[in-house]
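Okay, structure first, notes after.
Bear in mind that the values in this text are calculations on the coordinates, not laboratory data. Keep in mind that this is a model prediction, so the values were computed, not measured. Neighbour counts are summed over all protein chains in view; Cβ atoms, including those assigned to glycine, are modelled from backbone coordinates with ideal geometry.
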Amino acid sequence: MAALVDLVDYQLKNAKALSLLLSEETKAIAARESGDIERLAKEKMALIGQLQQTDQRLSQHQDVARLTDEALLAEQVRTVKSIILDCKKINDINGQSLQRAQLSFNKLNNLMQQSHGKIGMTYNAGGQTHTLSTLGTNLKA
């Protein structure tokens, strides 16, 4: 079984890494870098998985009582919890930003489809709408 101190140190390292990653994600969202956003999301999920796994190992450790009994370990646990709480807040903000960006994209996409549809929308023999970009432009005199 891994040493309790090592597990807490690993948890702290991963919490700090998640915090930095979320800062990068915030910048990527603001810059609308979809490739970076996707890559960071995958890295974020991996870090969260590591945090959860280490948390489970800590909870099942034979010396788990030391986490509250020893001042140094208790302080590290408080630090990890504080960082994770901050990460949750930043993640919520990033999620809201992504939702707003998606909504803006959808509105723009709808406007583009509407304006495109006004140019050359017609109906086919089955009664379905059909868009022709050449409506009236391929006439031969």
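Between Lys13 and Ser82, the modelled label-to-label distance comes to 2.2 nm, taking each label 7 Å out from Cα in the direction of the beta carbon. For Lys27, a cut-off of 19 angstrom between C-alpha atoms picks up these aspartates and glutamates, skipping any fewer than 8 places away in its own chain: Asp36, Glu38, Glu43, Asp86, Asp92.
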